[in-house]
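See structure below.
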Amino acid sequence: MKKLSFLILLLVFSCAPPPPNPIGPLPSDRQLKWQELEYYGFIHFNMNTFTDLEWGTGGEAVDTFNPVQLNTDQWARIAKEAGMKGLILTAKHHDGFCLWPTKTTAHSVKSSTWRNGEGDVLRDLRNSCDKYGLKLGLYLSPWDRNNEHYGTDTYVSIFHEQLRELLTEYGELFEIWFDGANGGYGYYGGANETRKIDNKTYYQWDKTTEMVREFQPEAVIFSDGGPDVRWVGTEEGWAGETNWSTMRRDEIYPGWPKYVELRYGHEDGTHWLPAEVNTSIRPGWYYHPREDHQVKSKSRLVQTYYESIGRNGNFLLNIPVDNRGLIHEADSAAMMQLSQQIKLDFKEDLIYKATLSASNDRGNNYGVDRLKDREKASYWATAEGVNSAEIEIKFNSPEELNRLVLREYIPLGQRVQAFSFLAKNERGIWDTLVQQTTIGNKRILSFKNTSSSHFKLIVSQSKGSIVLSEIGLYRAPILLEPPKISRTLSGLVEIRAADADATIYYSLNEDIPSSTSQEFIEAIRLPERIVVNAVTYDAKTNTQSEPAQTYFDVYKSPWKTLNEDEKASVAFDENPTTVFESKSKDLQIDFGKKQTLKGFEFIPDQRRYPKGVISSYSVWKSNNGRKWKLVQTGEFANITNNRKVKKVSFAKSHRTRYFRIKAERIIDTQEFASFAEINIITE
């Protein structure tokens, strides 16, 4: 009897279909482990944090580095609470200052007065990552603007020794990050000159890779062209909607001029080279106090999450630690908002309520229900030669959906070239909700709220047998955050929500709006001198955002500039992102009629690199626009580090038709003064 049972089992397994044949380049084990991390943090913290620069020149004094409140436990705790799986630290940036006591140069923490030269930021972070269960990665800039030997073989040996120290002294690392910026002007030991190198060959990349493989065999190597992970070709925080994990790798090198192709990958790629989507939570990569009010919104961070992880990439979010040595409160708050929203979006997978059927499967062990078991090594596959198929998804009663998650089983390669997702409407007609190209490790698609009991996934084109490991269906709530309130020159007020499905309610003057307030439907002309409050609201959850509030004074449509440069009008166009650069260092306005002024508001240059920012000013009035009388002088306090709107009240009211504000001092050496927006405060 035992012999018969054994023979039956042997017959069953001998008849089981073989797995699909691999297609194209395949990921290594280290690449697969890296892909599972999905989301982790970049810590830009170094000498630039204390010089208020993005790229230091290398001549900075070592004692400039002095993070008196440094607390890497705080970094790791916040990262963990935000859902990150690891942190990558800038061990050495282009200025050459090393955050560890390297033996290769005196330009490091060991020569600074910080902790009496006994500090080691890398060691602190290693311990903190271990404490909070995070992985650690390290960034090492090949370019070194401090080192006198840069450009020679001697420096290459120094660079390799620095890499060896990082690889052997700080435990297990998950990623080694090499920047593509190489060669140019620098201090170079006091030479203060420009040096150029061949970034394809100078650093001996083959040897660099061999060192990483020898000392950290599980770590992936990042650069423009890998060899394990590629840059995504933009720092704006997105991968292409079509995104192949394969590239013709041998064409790519640091500084590759065809970097736009990195956003999409190569369908005919020769190597597995997945994309890492790196972007900063602020405009800059390093901390600048002037950007404290420019931390990315929850909606923008959620968008990046969907356009990185949700487009077959990993998400590397930069958090610039401040000059205290701490993650700034504004950055931490934004990270938590992102984490909370993602948890809400994917709180319940409705696929478990559904019955699945496929137009084709490979047979035993490859059935369509494998898409629901969430086992890492299990997948649904079609028979050999079947490169298109449909999966029908049926619910017992209608379910409302707005998110689709798909995953291919990438150990066998990336295959899908085109797919769509449909819902059957009440008339029995199939409506297309999603039509896209690649899937890869993970694809997240948003679509309008759709209620149906019958959905369908169609894979219409694949390089070979279709191999999917997961399908997920969700109903994400409306993303709620304070709406944006704006006004045209003629007084037309617009209120916009980050989520188009949100309902907007508004009130005038001081009342906080609620769902019983006036609903905002379309742009509306409101009176002058009015306060507008608004919230976004989700009727399904009965929740609303924090209120937004904006005060609007007189309409600006009659205003004209008296400056010779007609571009001056952008300084009062109700758009603070536009900037007037005044060579006369003043702004002159004709209001069109007399106004009684109690004060004014000044919005400085909001660009990433502001120029001609006014620190001291004088205000003038005139009866004819030619002869001016001084009203008041003053300073915009701390404008270097705080570029929020500056409100100035006059000691007494002034009635005038003509207004002039003049820069008495600017914070840089520009030959102009910049004006982003001027508002007046009237009686």
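The values are calculated or read from the model by the stated rules, or taken from the named source; none is laboratory data. Just so it is clear, the structure is predicted and the values come from calculations on it, not from any experiment. Counting neighbours? That spans all protein chains shown, and the Cβs are built from the backbone with ideal geometry, glycine included.
How many residues, within region 38-75, are touching a Leu at 6+ places or on another chain (Cβ under 7 Å) and more than 30 Å from residue 274 (Cβ to Cβ)?
Qualifying residue count for the region: 3.
Here are some residues: 323, 360. Which one is of a type outside the set (Gly, Ala, Ser) and in contact with a strand residue (DSSP E or B) (Cβ under 6 Å, 6 or more places away or on another chain)? It would help to see each step written out before you state the result.
Details: 323 fails: in contact with a strand residue (DSSP E or B) (Cβ under 6 Å, 6 or more places away or on another chain).
The conditions single out 360.
I'd like to know if region 452-467 contains one or more residues that are closer than 15 Å to residue 419 by Cα, of a type in the set (A, V, I, L, M) and not in a strand (DSSP E or B).
Of the residues in region 452-467, the ones closer than 15 Å to residue 419 by Cα are 455-467.
From the residues that got through so far, the ones that are of a type in the set (A, V, I, L, M) too are 457-459, 466-467.
Now restrict to residues that are not in a strand (DSSP E or B): 466.
Yes, region 452-467 contains a residue that is closer than 15 Å to residue 419 by Cα, of a type in the set (A, V, I, L, M) and not in a strand (DSSP E or B).
Tell me which of these residue 554 doesn't satisfy, since it passes every other one: (1) more than 27 Å from residue 681 (Cβ to Cβ); (2) assigned to a loop (DSSP other than H, G, I, E, B).
Unmet for residue 554, out of (1) more than 27 Å from residue 681 (Cβ to Cβ); (2) assigned to a loop (DSSP other than H, G, I, E, B): (1).
Any idea which residue in region 237-276 is farthest from residue 199 (Cα to Cα), counting only those that are part of a loop (DSSP other than H, G, I, E, B) and modelled with pLDDT under 95?
258
Could you please find all residues in region 323-340 being surrounded by fewer than 20 Cβ atoms within 10 Å (Cβ to Cβ) and either acidic (Asp, Glu) or over 26 Å from residue 90 (Cβ atoms) (or both)?
Once the filter is applied, which keeps residues that are surrounded by fewer than 20 Cβ atoms within 10 Å (Cβ to Cβ) and either acidic (Asp, Glu) or over 26 Å from residue 90 (Cβ atoms) (or both), region 323-340 yields 329, 340.
Looking at (1) touching a residue at least 24 places away in the same chain (Cβ under 8 Å); (2) surrounded by fewer than 23 Cβ atoms within 10 Å (Cβ to Cβ); (3) out of contact with any helix residue (DSSP H, G or I) (no Cβ under 8 Å at 6 or more places or on another chain), find the lone condition where residue 233 falls short.
Going through (1) touching a residue at least 24 places away in the same chain (Cβ under 8 Å); (2) surrounded by fewer than 23 Cβ atoms within 10 Å (Cβ to Cβ); (3) out of contact with any helix residue (DSSP H, G or I) (no Cβ under 8 Å at 6 or more places or on another chain) one by one, residue 233 breaks only (3).
Which of (1) within 25 Å of the chain's Cα centre (by Cα); (2) at pLDDT 95 or above does residue 25 not meet, given it meets every other one?
Only one criterion is unmet by residue 25, namely (1).
Regarding residue 366, is this residue touching a residue at least 12 places away in the same chain (Cβ under 8 Å) and either assigned to a helix (DSSP H, G or I) or touching a Lys or Arg at 6+ places or on another chain (Cβ under 6 Å) (or both)? Break it down stepwise before answering.
Working: touching a residue at least 12 places away in the same chain (Cβ under 8 Å): yes; either assigned to a helix (DSSP H, G or I) or touching a Lys or Arg at 6+ places or on another chain (Cβ under 6 Å) (or both): no.
Judged against the criteria, residue 366 is not a match.
Among the residues of region 482-489, is there at least one that is in a loop (DSSP other than H, G, I, E, B) and either touching a strand residue (DSSP E or B) at 6+ places or on another chain (Cβ under 6 Å) or acidic (Asp, Glu) (or both)?
Yes, region 482-489 contains at least one residue that is in a loop (DSSP other than H, G, I, E, B) and either touching a strand residue (DSSP E or B) at 6+ places or on another chain (Cβ under 6 Å) or acidic (Asp, Glu) (or both).
Can you tell me which residue in region 369-381 is surrounded by the most Cβ atoms within 10 Å (Cβ to Cβ), limited to those that are part of a loop (DSSP other than H, G, I, E, B) and of a type in the set (Gly, Ala, Ser)?
The initial filter retains those residues of region 369-381 that are part of a loop (DSSP other than H, G, I, E, B), namely 373-379.
Add one more test, that the residue is of a type in the set (Gly, Ala, Ser), and what stays is 377-378.
Numbers: 377: 8, 378: 17.
For region 369-381, the residue satisfying everything is 378.
Taking the options 268, 228, name whichever one is surrounded by fewer than 23 Cβ atoms within 10 Å (Cβ to Cβ) and acidic (Asp, Glu).
268
Just checking, which of 234, 242, 201 is closer than 20 Å to residue 25 by Cα and among the hydroxyl-bearing types (Ser, Thr, Tyr)?
The conditions single out 242.
Could you please let me know if residue 158 is over 29 Å from the mean Cα position of the chain (by Cα), of a type in the set (A, V, I, L, M) and part of a loop (DSSP other than H, G, I, E, B)?
Criteria not met by residue 158.
So which of 617, 537 is free of Cβ contacts under 8 Å to residues at least 60 places away in the same chain, out of contact with any Cys (no Cβ under 9 Å at 6 or more places or on another chain), assigned to a strand (DSSP E or B) and in the same structural domain as residue 513 (by TED's automatic domain parsing)?
None of the others qualify; the one that does is 537.
Please go through region 430-465 and give me each residue that is surrounded by 20 or more Cβ atoms within 10 Å (Cβ to Cβ), of a type in the set (A, V, I, L, M, F, W, C) and over 32 Å from the mean Cα position of the chain (by Cα), ordered by number.
Hit for region 430-465 is 455, nothing else.
Looking at region 62-107 only, could you name the residues that are surrounded by 24 or more Cβ atoms within 10 Å (Cβ to Cβ), farther than 16 Å from residue 119 by Cα and either of a type in the set (Phe, Trp, Tyr) or over 25 Å from the mean Cα position of the chain (by Cα) (or both)?
Correct list: 75, 96.
Among the residues of region 566-614 satisfying the criterion of being hydroxyl-bearing (Ser, Thr, Tyr) and not in a strand (DSSP E or B), which is farthest from residue 296 (Cα to Cα)?
The extreme case among them is 584.
Just a yes or no: is a residue in region 185-205 touching a residue at least 24 places away in the same chain (Cβ under 8 Å), acidic (Asp, Glu) and farther than 25 Å from residue 232 by Cα?
no
Do the conditions hold for residue 641, that is, is it surrounded by fewer than 15 Cβ atoms within 10 Å (Cβ to Cβ), over 18 Å from residue 581 (Cβ atoms) and over 32 Å from the mean Cα position of the chain (by Cα)?
Spelling it out, it is not the case that residue 641 is surrounded by fewer than 15 Cβ atoms within 10 Å (Cβ to Cβ), over 18 Å from residue 581 (Cβ atoms) and over 32 Å from the mean Cα position of the chain (by Cα).
Tally the residues that are part of a helix (DSSP H, G or I) and either buried (at least 19 other Cβ atoms within 10 Å of the Cβ) or touching a strand residue (DSSP E or B) at 6+ places or on another chain (Cβ under 7 Å) (or both), restricting the search to region 192-210. I'd like the intermediate steps shown before the answer.
The first filter runs over region 192-210 and keeps only residues part of a helix (DSSP H, G or I), leaving 205-210.
So of that shortlist, the ones also either buried (at least 19 other Cβ atoms within 10 Å of the Cβ) or touching a strand residue (DSSP E or B) at 6+ places or on another chain (Cβ under 7 Å) (or both) come out as 205, 208-209.
Matching residues across region 192-210 total 3.
When residue 345 is evaluated against the numbered criteria (1) under 30 Å from residue 387 (Cβ atoms); (2) in contact with a strand residue (DSSP E or B) (Cβ under 9 Å, 6 or more places away or on another chain), which criterion, by number, is the only one it fails?
(1)
I'm told residue 412 meets every condition in (1) touching a helix residue (DSSP H, G or I) at 6+ places or on another chain (Cβ under 8 Å); (2) under 26 Å from residue 243 (Cβ atoms) except one. Can you identify the failing condition by its number?
All conditions are met except number (1).
Across region 665-682, which residue is surrounded by the fewest Cβ atoms within 10 Å (Cβ to Cβ) among those that are out of contact with any Pro (no Cβ under 7 Å at 6 or more places or on another chain) and in a loop (DSSP other than H, G, I, E, B)?
669
Would you pick out the residues in region 166-190 that are more than 21 Å from residue 58 (Cα to Cα) and assigned to a helix (DSSP H, G or I)?
Within region 166-190, 167, 168, 169 qualify.
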